[in-house]
Structures are given as C-alpha cells and as structure tokens.
1. Grab the helices (runs of 4 or more DSSP H) fully contained in region 38-148, keeping just those with 2 or more residues being buried (at least 17 other Cβ atoms within 10 Å of the Cβ) and under 14 Å from the mean Cα position of the chain (by Cα).
2. Hey, among Glu123, Glu94, which residue is in contact with a Pro (Cβ under 7 Å, 6 or more places away or on another chain) and either in contact (Cβ under 8 Å) with a residue 40 or more places away in the chain or over 20 Å from Val15 (Cβ atoms) (or both)?
3. From the set of residues in region 18-37 that are out of contact with any helix residue (DSSP H, G or I) (no Cβ under 6 Å at 6 or more places or on another chain) and either surrounded by 14 or more Cβ atoms within 10 Å (Cβ to Cβ) or closer than 19 Å to Val71 by Cα (or both), which is modelled with the lowest pLDDT?
4. For region 48-65, give me each residue that is touching a residue at least 40 places away in the same chain (Cβ under 8 Å), within 19 Å of Arg143 (Cα to Cα) and not aliphatic (A, V, I, L, M).
5. Does Thr10 count as polar (S, T, N, Q), free of Cβ contacts under 8 Å to residues at least 24 places away in the same chain and not in a loop (DSSP other than H, G, I, E, B)?
6. Is at least one residue of region 24-45 of a type in the set (Gly, Ala, Ser) and without any contact (Cβ under 8 Å) to a residue 12 or more places away in the chain?
7. For region 70-118, which positions are within 24 Å of Arg56 (Cα to Cα) and among the charged types (D, E, K, R)?
Amino acid sequence: MLFTIFVPGTVAILVPRWLLGGFAKPPSGVMIWIGVITFLIGAAIYFRCAWEFAVRGLGTPAPIAPTKFLVTTALHRYISNPMYIGVAMAILGEAAIFRSLLVAEYACVMLLIAHIFVVLYEEPTLQRQFGESYEEYKRSVPRWLPRL
C-alpha cells in the first residue's frame, strides 16, 4: 500500500500537479469527461494489477518486496506491463482534464523511462527469478501492445 501511495502517487498525481503549477479548476467541456474516464480506467488498471500481485503473486509491485510467483493472470494475460500503461493512462487523463500538452509529454517520457527500466532491470530480474516459465511467458505475451 505504501508503494502505491508513494511511487504511482508521485508519478501520476504529484508530478503532473507540479507541472501544472497546482490543480486549478479545469475548463468545462467534453475533454474533462474524456479525461476523467481515462484517468479512472488507468487507475483501475493499476489497482487491479496491484491486487493480482498481492493475491496471486504474494508480493507487491515494489522491487524491494517482489512477488513470489509469476503473475500471468487477469490483465497480465494480454500484456506484460499493464501497470505502467494504467499509470500512463491516468496521466493522460489529467492532460485531457487540464488541457495540458506538457502533462501529455510527461506521460510519454514516463513510458520511455518505464521501457528502459523494464528492459534493463525488470526482465533480467524476472528471468533469473522464474527461469523458463518467464521465458515462455515473454514469448507468448507482448510487452506493451496487447494481443487480444
């Protein structure tokens, strides 16, 4: 729970707030609804995956308390990094709500950093931890674009 408050909370709430100079009243219109829906879907994706990590993996999204079992259920059946996608969607929702190109650009930078982290740290760590079962998972589930 602390990891979710501090890491995704910082990435998805505090940094966009800082980029916007605080959260002023958003302009009215259809973009606010698109943004709210996008934000809520992104948050739901993140929390659903965090739940799977706790219940199925017996761990957390935090590298200091990783899962004991490889999580391949729920959204992880379709895409190997749904949590990052959920956080990016939440940020893009905020970009729509506040009509901020800067926040949208930040979401892209966040995904680039996540990609580098996944390739250089997460995937090698999971390979060492889970061996052939992770290798098979990697072959059958795409990294970023879901196969439906």
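The values are calculated or read from the model by the stated rules, or taken from the named source; none is laboratory data. None of the values given here were measured: they were computed from a predicted structure. Every residue, glycine among them, receives a Cβ derived from its backbone with ideal geometry; neighbour counts consider all protein chains shown.
1. Values: elements: 82-97, 101-117, 123-130, 132-140.
It comes to 82-97, 101-117.
2. Glu94
3. Of the residues in region 18-37, the ones out of contact with any helix residue (DSSP H, G or I) (no Cβ under 6 Å at 6 or more places or on another chain) are 18, 20-22, 24-25, 27-30, 33, 36-37.
Next cut, either surrounded by 14 or more Cβ atoms within 10 Å (Cβ to Cβ) or closer than 19 Å to Val71 by Cα (or both) only: 20, 36.
Working: Leu20: 91, Val36: 96.
Checked region 18-37; the qualifying residue modelled with the lowest pLDDT is Leu20.
4. Those that are touching a residue at least 40 places away in the same chain (Cβ under 8 Å), within 19 Å of Arg143 (Cα to Cα) and not aliphatic (A, V, I, L, M): Pro61, Pro63.
5. In short, yes.
6. yes
7. Arg77
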